[in-house]
Amino acid sequence: MTTPPPTTDLSADEARRIALRAQGFLGTPDRRAGVRGVLRHLGAVQLDTISVLARSHELIPYARLGAVGRRTVENAYWTTAPLGASPARPHAFEYWSHAACILPIEEWPHFAFRRRAYRGRPHWNHQLPDGTYDQVIKQLRTEGPLTATELGGAKKTSEWWDWSGTKVAVERALMYGEVVCVERRGWKRVYDLAERAIPADLLHDELDDAECLRRLVRLAGQSLGVGTRADIADYHRLKGEQVDAVIADSGLVPVAVEGWGKPAWADPTALETPPRGRHRTTLLSPFDSLIWERARTERIFGFTHRLEAYVPKPKRIHGYFAMPVLAGGRLVGRVDPAREGTTLVARQVTLDGPKAVPAVAQALAEAASWVECTDIRVERVDAPELHAPLVKELADL
């Protein structure tokens, strides 16, 4: 693909601020739109099983809006609306985007290309017993929305990967688009027939691959503000050639960013006004879309981050669930948190020098309050001389 000449030159600092605003961290958040507004703005909120302070899909709106209630977050994703309307209209559904993500319900038609690709796969890692798929569909049609447990059990053994035939079937049906998850009970997916759960005006696979891809590339560009081809592809886990095929018609414009070394594309709206406003100070989930792509995080913030939850404990550098600290539009440290009753424990803290102490203290204090912890204990600071200043700063808040 031949990249057209850039329409605009951006400094590295301008690109960073554009990215922060696009992700909801610079300027006044739209509190009236709330959690649903955050989901719509980001286009995808990643799910993960790990829960330390809270699960990642709760941490995403918290990082942007502040101490929004955790029940409010869940209701925003899973409660159908308007209340009492017929038929009930969900706000979101789960599907494979950047990873397993919560997606705005309006985007159902634009994942038709992925549903078609899954239906065309010649093989799967899990074996599916004969008749199980049809039985699952029949059971959902007869009994209504059900969890995997209610369908007959999610696992054959206690091992996480050892799915039952029922679980394999319903997950396959979800990938095909015959079944959808628009609700969770606790942490369990509630499966329903797409024909029943997806609003009629959205329930179609009529869009061809090119139209789906144009939409997702445009959405990725808007959510990133500015990004390279790889950044844009990674947002919804598209292939580079898929991006190449549609980016010229996506509405994004080519730009050059100081120090990036690769062509970039920007949302034209993001270029119209300089990013200004208040910066958020907050702990970030490692699965936050601001930082989920390591190469982009290093390029924009000069900050190397890796989730170490799956790294053997002796080999961890920053801790099990180290959360970067955002302050003043920079990543100024990281905290590996835990909870012991009503105490938030900072098991390991990394600070980008003494100037980072107030911001890290503020981020810890706000997070503690949000998860209803009344005390904070700092166990280890990588720079030992900053342990006492951090503890004092927390005591003064």
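The values are calculated or read from the model by the stated rules, or taken from the named source; none is laboratory data. Note that this is a predicted model, so its numbers are computed, not measured. For neighbour counting, all protein chains shown are included, and Cβ atoms are generated from backbone atoms with ideal geometry for every residue, glycine included. The accessibility values were calculated without ligands, DNA or RNA, using every heavy atom of the protein model including side chains. Shrake-Rupley method; radii C 1.70, N 1.55, O 1.52, S 1.80 Å.
Ranking Glu293, Glu272 from most to least accessible surface, computed with a 1.4 Å probe over the protein chains only, gives Glu272, Glu293. Across the accessible surface of the stretch 157-253, with the other protein chains kept in place and a 1.4 Å probe, carbon and sulfur atoms take up 49 percent. Figure legend: label point modelled 7 angstrom from the Cα of Thr3 along Cα→Cβ; residues of the stretch 211-248 with amide N under 16 Å from it are 221, 225-234, 240-248.
Helical runs assigned H by DSSP (4 residues or longer) give the chain a calculated mean residue ellipticity at 222 nm of -10500 deg cm²/dmol, each run adding -39500 (n - 2.57) before division by the residue total.
Of the whole protein surface, Val332 contributes about 20 Å² of accessible area at a 1.4 Å probe radius.
Comparing Gln362, Pro199, Ala395 along the charge dipole axis of the chain, the residue lying farthest to the positive side is Ala395, per the Cβ-charge model. Taking all protein chains as shown and a probe of 1.4 angstrom, Tyr95 keeps an accessible surface of around 0 Å².
Please give, to one decimal in nm, the separation of the simple spin-label points placed at Arg116 and Ala12, each 7 Å out from Cα toward the Cβ. Between Arg116 and Ala12, the simple spin-label model gives 4.2 nm. When only the Cβ of Lys, Arg, Asp and Glu is charged (+1, +1, -1, -1), the dipole of the stretch 291-397 relative to its Cα centre reaches about 480 debye. A Cβ-based charge dipole, computed about the Cα centre of the chain with Lys and Arg at +1 and Asp and Glu at -1, lands at about 500 debye. The simple spin-label model puts a point 7 Å past each Cα toward its Cβ; for Glu340 and Ala256 those points are separated by 5.6 nm. The simple Förster model, with R0 at 30 Å and r as the Cβ-Cβ distance, assigns Ile50 and Ile137 a FRET efficiency of 0.40. What the Cβ-Cβ distance of Glu272 and Arg31 gives, at R0 = 22 Å and to the nearest 0.05, is a FRET efficiency of 0.40. Surface exposure of the chain, expressed per residue as accessible area with a 1.4 Å probe, stands at 46 Å². Using the Karplus relation 6.51 cos²θ - 1.76 cosθ + 1.60 with θ = phi - 60°, the per-residue 3J(HN,Hα) values for the stretch 6-18 come to x, 8, 8, 9, 10, 6, 4, 5, 5, 5, 4, 5, 4 Hz, with x marking Gly and Pro. Considering only Val345, Val52, Val170, the Gaussian network model of the chain with Cα springs below 10 Å gives its largest mean-square fluctuation to Val52. Charged side chains reduced to their Cβ positions (Lys and Arg at +1, Asp and Glu at -1) give the stretch 263-351 a dipole of some 280 debye around its Cα centre. On the stretch 299-397, 51 percent of the accessible area sits on carbon and sulfur atoms, based on a 1.4 Å probe. Calculated from the structure at hand, semi-axes √(5λ) of the Cα gyration tensor in Å is found among [x] 49, 24, 20; [y] 35, 28, 20; [z] 29, 25, 19 as [y]. Beta bridges assigned by DSSP with both partners in the chain are antiparallel in approximately 85 percent of cases.
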